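Peer 1: Here's a structure for you.
The values are calculated or read from the model by the stated rules, or taken from the named source; none is laboratory data. Here the structure is a predicted model, which is why all the values come from computation and not from measurement. Neighbour counts run over all protein chains shown; Cβ positions are idealised from the backbone, glycine included. For accessibility, only protein heavy atoms count, side chains too; no ligands or nucleic acids. Shrake-Rupley method; radii C 1.70, N 1.55, O 1.52, S 1.80 Å.
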Amino acid sequence: MRKLLFFGMLLMGASVFAQDLPTNPEPGKCYVRCKTPEEWKTEDVTIEVAPAYTKYKTHPSQYKTETETVVVRDAYQKLSVVPAKYGTETFEVEVTGPSKKIKKTPASYSKSYTEVETKTPAQSLSIVPAKLGTETFEVVVKGPGKKVEVIPAKYETVYEDIVVQEAYKKLVKVPAVYKTVTETVVVQPASYKYKYYPAKFGTENVTIPKFDGGKKMKVIPAQWKKETISYLKSEKGSKLKVVPAKFSTDYHTIEVAPATAKWELGAKSPDCESPDPNDCRVWCYKETPAKFETVKVTKLDSDARVETIPGCKTMGEDGCVTGTYTKTTLVTPESTQLIDVPATTTVIKKVVMVEPPRAEKIEIPEVTKTYKKVVMVTPPTTKEIIVPAVTKKIKKVVMVEEPKVIIKDIPAVTKTFKKTVMVEEPKAIIKEIPGKTQKIAVTNVTPPSYELVDVPGVSKTYKKTVMVEAPKAIAKDVPAQTAVIKKTVVAKEAWADSENVPARYKTIKKQVLVKKGGLTQWREIDCKLVTYNPLPINWPLGSATLTPQAKKLIDTRLIPAIKANPGVKVEIASHTDSRGSATSNQKLSERRAQAVVRYLVSKGIPADRLVAKGYGETKLLNRCKDGVKCSEAEHRVNRRTEFRMLSE
């Protein structure tokens, strides 16, 4: 039975495969198998995700303020006292007794000036140097000789010292020697002064009248009591409490894509002996389950409502505010009382002389001043110094050998030199220097004197107070005091406004199958598209995000190729360079391939026609593997994305 079933499947597979080959293929052309695509359409399904309900907005009670005048203090009579009138009398009292004082005549001083010699006369020595003149003299620098016409004479040079300046004398000034001596001069002669001791005074107590006595009136204040009065200060209006609508959450499941099926080529039978990979395979019509979308919806359990909480309008009820104020009531009115004011005296102090003034004579010593005086100890003189003569060494040529053939006399050669000679010896001139004087101030003193002078006693005028008119009381009516209190009363009770909130809906896209797809069919394709074609996307390092330039490249190069071959599967292959770990590079290449596929799907390419594969750093195009130093351009060659067409 198993053999029969196997042979039946084999025959069916062979018949299917025989029908699967392209008819009338042309040499050199490429063919791919592709499925007849299914046709779908999208419908909108609208569901209610939130029900309609009522919403209330409450307005609190409105209040107004009323005023009321109440008596807080009773009327009464206030007594004011007109005090007694007083006059003033004056009288004199001697406060200081007669005494004596000293009249001083101070010492008088006058200034005069005296001259003192601060430097004695001296001599100043100036030197008149020697006068020098110049004499000229000739010196034979080449002696007489003979000249031969054939054999010249021989000469040699000798050195000779000559005097160019004769010795002379000069004087050196030896200055005078001085010393400083200290002298003392009297600038103020001895004198005397007085030290004065003033008179000593004592005090005596003297009693004098200050107030002759009188009467005063005292007001006895009224007596009051305070009462606390209560009143309704504030009414309370009714309140509205909004009980909001209650909702619950539910979920609504909608079929967005129905169940369908598609043809797939099964695996090769393990017992198949044919070397052709397409032999011993069966086409299967496999079911694709439906797709559902669950939407979260809100259900209304109970609608909103308004509850009323009553207020209060009577004092003592719960919620009402009670106010109080204080009222002052008169118990006993004011009265007066007359009081005697006793006379008063004061004690003053009288100054009397206990001891008269006196003077004591004090001697003042003379005042001297010290100054410095310069005196000459040794007068200036001179010292004679011999200045030696100045000589100069000269060259002199002398004949050492006479000529031998013809002798011709050669005159001697002389040279004129200048030498300095002393014309007049130096001499010293002595000039007298007068002494120096200084003016010193001298004080002339006239001694002081004094005399005693009588000082009369001192009287002082005092005032005393006497009562002219007795005090009296005046009654004045004081009206009652009132106060204004405020009351808060309800002007309008609370009310509520209702608002109907409409239901909310959500629209969902649902896929509806219009036409089923069929088995695969052969399609002629450009052979270049069967192999990998470069898609030169310039990926940023470590990034899987498509740039606007990359999207434009896909739109102009890849999408037209896919649309020109409907039903053909497309592989998107992405590669990285060797920098980084192999694991991270594999994941990065997969993300880049998926990014291209997602963009193609967003452009309307069916997802089942697209295959995304990442190869990481497994398929490098050059030598730049791990551990090899390469340039950025070489790494960029390996960082690439490619695509090719696949056969079903």
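Peer 1: Of all residues in the stretch 386-398, which are open to solvent by 60 Å² or more (accessible area, probe 1.4 Å) and assigned to a strand (DSSP E or B)?
Peer 2: Ile386, Val390, Thr391, Lys392, Lys393, Lys395
Peer 1: Is the stretch 203-222 home to any residue that is acidic (Asp, Glu), open to solvent by less than 50 Å² (accessible area, probe 1.4 Å) and at pLDDT below 75?
Peer 2: No: zero hits.
Peer 1: Right, Val32: in a strand (DSSP E or B) and modelled with pLDDT under 80 or not?
Peer 2: So Val32 fits the description; yes.
Peer 1: Further question: Inside the stretch 51-65, can you point out the residues that are at pLDDT 80 or above, part of a strand (DSSP E or B) and either of a type in the set (S, T, N, Q) or open to solvent by less than 80 Å² (accessible area, probe 1.4 Å) (or both)?
Peer 2: Those that are at pLDDT 80 or above, part of a strand (DSSP E or B) and either of a type in the set (S, T, N, Q) or open to solvent by less than 80 Å² (accessible area, probe 1.4 Å) (or both): Thr54, Thr58, His59, Gln62, Thr65.
Peer 1: Of everything in the stretch 108-126 that's closer than 12 Å to Lys431 by Cβ and surrounded by 13 or more Cβ atoms within 10 Å (Cβ to Cβ), which residue is modelled with the lowest pLDDT?
Peer 2: Taking the candidates together, the pick is Leu125.
Peer 1: Still on this structure, I have one more. Arg636 versus (1) at pLDDT below 90; (2) over 51 Å from the mean Cα position of the chain (by Cα): which is the lone unmet condition?
Peer 2: Result: Arg636 passes all but (2).
Peer 1: Of the residues Ile554, Ile572, Ile605, which is assigned to a helix (DSSP H, G or I), under 30 Å from Cys30 (Cβ atoms) and open to solvent by less than 60 Å² (accessible area, probe 1.4 Å)?
Peer 2: Ile554
Peer 1: Just one of the numbered conditions (1) free of Cβ contacts under 8 Å to residues at least 40 places away in the same chain; (2) in contact with a helix residue (DSSP H, G or I) (Cβ under 9 Å, 6 or more places away or on another chain) is not true of Ile605; which one?
Peer 2: (1)
Peer 1: Can you pull out every residue in the stretch 183-207 that is over 30 Å from Tyr113 (Cα atoms), touching a Ser or Thr at 6+ places or on another chain (Cβ under 6 Å) and part of a strand (DSSP E or B)?
Peer 2: If the condition is that a residue be over 30 Å from Tyr113 (Cα atoms), touching a Ser or Thr at 6+ places or on another chain (Cβ under 6 Å) and part of a strand (DSSP E or B), then Thr207 is the only one that fits.
Peer 1: Can you tell me which of (1) among the charged types (D, E, K, R); (2) open to solvent by 60 Å² or more (accessible area, probe 1.4 Å); (3) closer than 30 Å to Ala564 by Cα is the one Glu642 doesn't meet?
Peer 2: The single condition Glu642 does not satisfy is (2).
Peer 1: Whether any residue in the stretch 74-81 is at pLDDT 75 or above, under 30 Å from Phe201 (Cβ atoms) and in contact with a Leu (Cβ under 9 Å, 6 or more places away or on another chain) is what I want to check.
Peer 2: No: the stretch 74-81 contains no residue that is at pLDDT 75 or above, under 30 Å from Phe201 (Cβ atoms) and in contact with a Leu (Cβ under 9 Å, 6 or more places away or on another chain).
Peer 1: Another question about this same structure. Which condition does Val637 not pass, out of (1) within 26 Å of Asp526 (Cα to Cα); (2) touching a Lys or Arg at 6+ places or on another chain (Cβ under 7 Å); (3) part of a helix (DSSP H, G or I), if it passes all the others?
Peer 2: (2)
Peer 1: Is it the case, given these coordinates, that Lys104 is at pLDDT below 75 and closer than 30 Å to Lys195 by Cβ?
Peer 2: Against the criterion (at pLDDT below 75 and closer than 30 Å to Lys195 by Cβ), Lys104 qualifies.
Peer 1: Quick check: is even one residue across the stretch 464-480 surrounded by 14 or more Cβ atoms within 10 Å (Cβ to Cβ), of a type in the set (Gly, Ala, Ser) and over 60 Å from the mean Cα position of the chain (by Cα)?
Peer 2: yes
Peer 1: Let me ask something else. Taking the stretch 159-182 only, how many residues are at pLDDT below 75 and in a strand (DSSP E or B)?
Peer 2: The total comes to 12.
Peer 1: Something else about it: Do you know which residues across the stretch 282-319 are at pLDDT below 75, in contact with a Phe, Trp or Tyr (Cβ under 7 Å, 6 or more places away or on another chain) and basic (Lys, Arg)?
Peer 2: none
Peer 1: Quick check: is even one residue across the stretch 187-204 over 30 Å from Leu452 (Cβ atoms) and within 60 Å of the chain's Cα centre (by Cα)?
Peer 2: no
Peer 1: Any chance you could count how many residues in the stretch 608-618 are loosely packed, with under 15 Cβ neighbours inside 10 Å and either among the aromatic types (Phe, Trp, Tyr) or at pLDDT below 90 (or both)?
Peer 2: 1
Peer 1: When only residues in the stretch 506-532 that are open to solvent by less than 30 Å² (accessible area, probe 1.4 Å) and within 28 Å of Glu26 (Cβ to Cβ) count, which is modelled with the highest pLDDT? Steps first, please.
Peer 2: Of the stretch 506-532, the ones open to solvent by less than 30 Å² (accessible area, probe 1.4 Å) are 508, 517-518, 520, 525, 529.
Still in the list and also within 28 Å of Glu26 (Cβ to Cβ): 517-518, 520, 525, 529.
Working: Gly517: 60, Gly518: 57, Thr520: 61, Ile525: 71, Leu529: 80.
Among residues in the stretch 506-532 that are open to solvent by less than 30 Å² (accessible area, probe 1.4 Å) and within 28 Å of Glu26 (Cβ to Cβ), the one modelled with the highest pLDDT is Leu529.
Peer 1: Ok, one more. Which condition from (1) within 28 Å of Val163 (Cα to Cα); (2) at pLDDT 75 or above; (3) open to solvent by less than 60 Å² (accessible area, probe 1.4 Å) is the one that Val351 breaks?
Peer 2: Only one criterion in (1) within 28 Å of Val163 (Cα to Cα); (2) at pLDDT 75 or above; (3) open to solvent by less than 60 Å² (accessible area, probe 1.4 Å) is unmet by Val351, namely (1).
Peer 1: Still on this structure, I have one more. Using beta carbons and a limit of 9 Å, which pairs, at least six apart or on different chains, have the first residue in the stretch 611-633 and within 16 Å of Ala582 (Cβ to Cβ) and part of a loop (DSSP other than H, G, I, E, B) and the second one open to solvent by less than 50 Å² (accessible area, probe 1.4 Å) and of a type in the set (Asp, Glu)?
Peer 2: As it stands, the answer is Glu617/Asp577; Leu620/Asp577; Cys624/Asp577; Lys625/Glu617; Asp626/Glu617, since those pairs meet every condition given.
Peer 1: Sticking with this one: When Lys404 is evaluated against the numbered criteria (1) farther than 30 Å from Lys436 by Cβ; (2) part of a strand (DSSP E or B), which criterion, by number, is the only one it fails?
Peer 2: Exception for Lys404: condition (2).
Peer 1: Check the stretch 165-172 and report whether any residue there is basic (Lys, Arg), within 30 Å of Ile364 (Cβ to Cβ) and surrounded by 14 or more Cβ atoms within 10 Å (Cβ to Cβ).
Peer 2: Start the filter on the stretch 165-172 by keeping residues that are basic (Lys, Arg), which leaves 169-170.
After this cut, where a residue has to be within 30 Å of Ile364 (Cβ to Cβ) as well, the list is none.
Within the stretch 165-172, none of the residues are basic (Lys, Arg), within 30 Å of Ile364 (Cβ to Cβ) and surrounded by 14 or more Cβ atoms within 10 Å (Cβ to Cβ).
Peer 1: Applying the selection to the stretch 355-385, what residues are open to solvent by less than 80 Å² (accessible area, probe 1.4 Å) and aliphatic (A, V, I, L, M)?
Peer 2: The answer is Ala359, Ile362, Ile364, Val367, Val374, Val375, Met376, Ile385.
Peer 1: Considering only residues that are surrounded by fewer than 15 Cβ atoms within 10 Å (Cβ to Cβ) and polar (S, T, N, Q), look in the stretch 177-202 and name the one that is nearest to Thr381 (Cα to Cα).
Peer 2: Across the stretch 177-202, the extreme among qualifying residues is Thr180.
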